[in-house]
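K.L.:
Pasting in a structure now, in structure tokens, and then I'll have a few things to ask.
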Amino acid sequence: METLTVSQKMTQAKDFLPINGTDHIELYVGNAKQAAHFYKTAFGFQSLAYAGPETGVKDRASYVLQQGKIRLVLTSPLNSKSAITEHIKIHGDGVKILALWVDDAYKSFEETVSRGAKVYMEPVTIKDSDGEVRMSGIYTYGETVHLFVERKNYTGLFLPGYKAWKSSYNPTDAGLLYIDHCVGNVGWGRMNPTIKWYEDVMGFVNILSFDDKQINTEYSALMSKVMSNGNGYVKFPINEPAEGKKKSQIEEYLDFYEGEGVQHIAVATHDIVATVKELMSRGVEFLDAPPNAYYEDLPNRVGKIDEDIAPLQELGILVDCDEEGYLLQLFTKPVEDRPTLFFEIIQRKGAQSFGAGNFKALFESIEREQAKRGNL
Ligand code: FE2
């Protein structure tokens, strides 16, 4: 078992729930109109679709943004009694829905609910002049939801009920292509039950594990296991805090999110140097670069890479390798005032892992930020 590569392990998933990829990610936010402007300006997303009072939706406004294959939905409630209002009151801005693109939303619901999933949305068929979409939903960790979206009989922009969002402000994209993985933070003792849930209910397979002996710095410790569906299109690493000298970064997240939830969304690029330069010029804040010694040691640690080291060092881009190749990655600072959700920019050059060799450098950088917030 342990000698299998990550790619080989993925093939062991029980694919009773074929998933074609991430359909979209929906965030509940305090002010979707302004958040949409931020994601366009800073990250290079494009305006795609809108739903709200003007389209007959009375209780919320939703803005759909697109870049590459990534669709982000930003939703705000329009009154104090909405469940969305309650969600934002507790968690602040954050990811509510990780929607999965499936061939059969009704079957996905039956397969997962019969295996113990908690129901979020009974299967429904919604229609407009562009066809029909079938959807259903189940809860995963915390109040986070997996929506199953079946759109083979739909030709519209996003979902029935949305109209095209035409904007006179259309900044260029930043080279973001697709969702590589989405990471969840769960509470003390909750990683293994969550892993088992993904195995039993979703038929996913555990492709990588890191314990607190591998992942700890002087202060911050965590444990992590990566779950993947069979074709590897959808990967969900799950983190749990571990005891360290001071507060784990995962515990800081749980305190500020007031519960379990999505910690980061990793988005892929074909040219991380160009993408990160572009994002930095638009004001996206990244974690500090590791010390010079990290880059001096890089050729020894990862071997030969295609990129020049100087621009990587200048931008603070991290590099790691596994038996299948290497990867380059960089993490933003949290994108809201609570230190909760952040983004990862990742470029894979063969490697199918998640940068465990960078955890020490990464955590030391995160700890410097935690210390600034007085949460270490
Ligand atoms: Fe990641």
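K.L.:
Could you list, in sequence order, all residues of region 129-185 that are under 20 Å from GLN263 (Cβ atoms) and either within 16 Å of the ligand (Cβ to nearest atom) or aromatic (Phe, Trp, Tyr) (or both)?
P.N.:
TYR139, TYR141, LEU176, TYR178, ILE179, ASP180, HIS181, CYS182, VAL183, GLY184, ASN185
K.L.:
Follow-up. For VAL267, are the conditions met, namely being more than 19 Å from GLY142 (Cα to Cα), open to solvent by less than 10 Å² (accessible area, probe 1.4 Å), within 17 Å of the chain's Cα centre (by Cα) and in the same structural domain as MET191 (by TED's automatic domain parsing)?
P.N.:
Numbers: more than 19 Å from GLY142 (Cα to Cα): yes; open to solvent by less than 10 Å² (accessible area, probe 1.4 Å): yes; within 17 Å of the chain's Cα centre (by Cα): yes; in the same structural domain as MET191 (by TED's automatic domain parsing): yes.
So VAL267 fits the description; yes.
K.L.:
Given the conditions (1) farther than 19 Å from LYS96 by Cβ; (2) modelled with pLDDT under 95; (3) not aliphatic (A, V, I, L, M), and given that GLU132 satisfies all but one, which numbered condition is not satisfied?
P.N.:
For GLU132, the failing item is (2).
K.L.:
To continue, here is another question. I'm checking my understanding of the structure. Among residues of region 126-142 that are among the polar types (S, T, N, Q) and in contact with a helix residue (DSSP H, G or I) (Cβ under 9 Å, 6 or more places away or on another chain), which one is most open to solvent (accessible area, probe 1.4 Å)?
P.N.:
Among those that are among the polar types (S, T, N, Q) and in contact with a helix residue (DSSP H, G or I) (Cβ under 9 Å, 6 or more places away or on another chain), it is THR140.
K.L.:
If you go through region 293-313, how many residues are without any contact (Cβ under 8 Å) to a residue 24 or more places away in the chain and surrounded by fewer than 16 Cβ atoms within 10 Å (Cβ to Cβ)?
P.N.:
The qualifying residues number 10.
K.L.:
Please indicate, with yes or no, whether at least one residue in region 176-192 is assigned to a loop (DSSP other than H, G, I, E, B), acidic (Asp, Glu), touching a Lys or Arg at 6+ places or on another chain (Cβ under 8 Å) and in contact (Cβ under 8 Å) with a residue 24 or more places away in the chain.
P.N.:
Looking through region 176-192, none of the residues is assigned to a loop (DSSP other than H, G, I, E, B), acidic (Asp, Glu), touching a Lys or Arg at 6+ places or on another chain (Cβ under 8 Å) and in contact (Cβ under 8 Å) with a residue 24 or more places away in the chain.
K.L.:
Now for a different question. So THR332 ticks every box in (1) over 24 Å from VAL95 (Cβ atoms); (2) within 16 Å of the ligand (Cβ to nearest atom) but one. Which box is left unticked?
P.N.:
(1)
K.L.:
Which ones in region 307-329 are of a type in the set (Asp, Glu), away from the ligand (no atom under 16 Å from the Cβ) and under 27 Å from the mean Cα position of the chain (by Cα)?
P.N.:
If the condition is that a residue be of a type in the set (Asp, Glu), away from the ligand (no atom under 16 Å from the Cβ) and under 27 Å from the mean Cα position of the chain (by Cα), then GLU307, GLU314, GLU323, GLU324 are the ones that fit.
K.L.:
Looking at region 274-292 only, could you name the residues that are surrounded by 18 or more Cβ atoms within 10 Å (Cβ to Cβ) and either more than 22 Å from GLU364 (Cα to Cα) or within 16 Å of the ligand (Cβ to nearest atom) (or both)?
P.N.:
Correct list: THR275, VAL276, GLU278, LEU279, PHE286, LEU287.
K.L.:
Can you tell which of SER108, SER167 is at pLDDT 95 or above, of a type in the set (Gly, Ala, Ser) and surrounded by fewer than 22 Cβ atoms within 10 Å (Cβ to Cβ)? Steps first, please.
P.N.:
On the way: SER108 fails: surrounded by fewer than 22 Cβ atoms within 10 Å (Cβ to Cβ).
Being at pLDDT 95 or above, of a type in the set (Gly, Ala, Ser) and surrounded by fewer than 22 Cβ atoms within 10 Å (Cβ to Cβ) holds for just one of SER108, SER167, which is SER167.
K.L.:
I'd like to check something: does region 337-344 contain any residue that is in contact with a strand residue (DSSP E or B) (Cβ under 9 Å, 6 or more places away or on another chain), within 16 Å of the ligand (Cβ to nearest atom) and assigned to a helix (DSSP H, G or I)?
P.N.:
No: region 337-344 contains no residue that is in contact with a strand residue (DSSP E or B) (Cβ under 9 Å, 6 or more places away or on another chain), within 16 Å of the ligand (Cβ to nearest atom) and assigned to a helix (DSSP H, G or I).
K.L.:
Sort out which residues of region 32-89 are more than 23 Å from the chain's Cα centre (by Cα), among the polar types (S, T, N, Q) and open to solvent by less than 20 Å² (accessible area, probe 1.4 Å), and write them in order of number.
P.N.:
SER82
K.L.:
Tell me which residues, restricted to region 95-150, are farther than 20 Å from GLU26 by Cβ, in contact (Cβ under 8 Å) with a residue 40 or more places away in the chain and assigned to a loop (DSSP other than H, G, I, E, B).
P.N.:
Residues satisfying the conditions are ASP103, ASP104, ARG115, GLY116.
K.L.:
Of all the residues that make up region 59-76, how many are assigned to a strand (DSSP E or B) and without any contact (Cβ under 8 Å) to a residue 40 or more places away in the chain?
P.N.:
4
K.L.:
State whether the residues of region 287-295 include one that is at pLDDT 95 or above and of a type in the set (A, V, I, L, M, F, W, C).
P.N.:
Within region 287-295 (the criterion being at pLDDT 95 or above and of a type in the set (A, V, I, L, M, F, W, C)), the answer is no, since none of the residues qualifies.
K.L.:
Against the definition (touching a Leu at 6+ places or on another chain (Cβ under 9 Å), more than 19 Å from CYS182 (Cα to Cα) and in the same structural domain as PHE158 (by TED's automatic domain parsing)), how does GLY52 come out, yes or no?
P.N.:
yes
K.L.:
Looking for whichever is among the basic types (Lys, Arg) and not in a strand (DSSP E or B) here; the options are ARG301, ARG348. Which one fits?
P.N.:
Only one candidate passes the filter, namely ARG301.
K.L.:
If you scan region 326-376, which residues turn out to be open to solvent by less than 40 Å² (accessible area, probe 1.4 Å) and of a type in the set (D, E, K, R)?
P.N.:
GLU336, GLU344, GLU367, GLU369
K.L.:
If you scan region 216-271, which residues turn out to be charged (D, E, K, R) and part of a strand (DSSP E or B)?
P.N.:
LYS225, LYS235, GLU240
The values are calculated or read from the model by the stated rules, or taken from the named source; none is laboratory data. Remember, predicted model here, so these are calculated numbers, not experimental data. All Cβ positions, even for glycine, are placed from backbone atoms using ideal geometry, and neighbour counts span all protein chains on display. Accessible surface areas use protein heavy atoms only, side chains included; no ligands, DNA or RNA. Shrake-Rupley method; radii C 1.70, N 1.55, O 1.52, S 1.80 Å.
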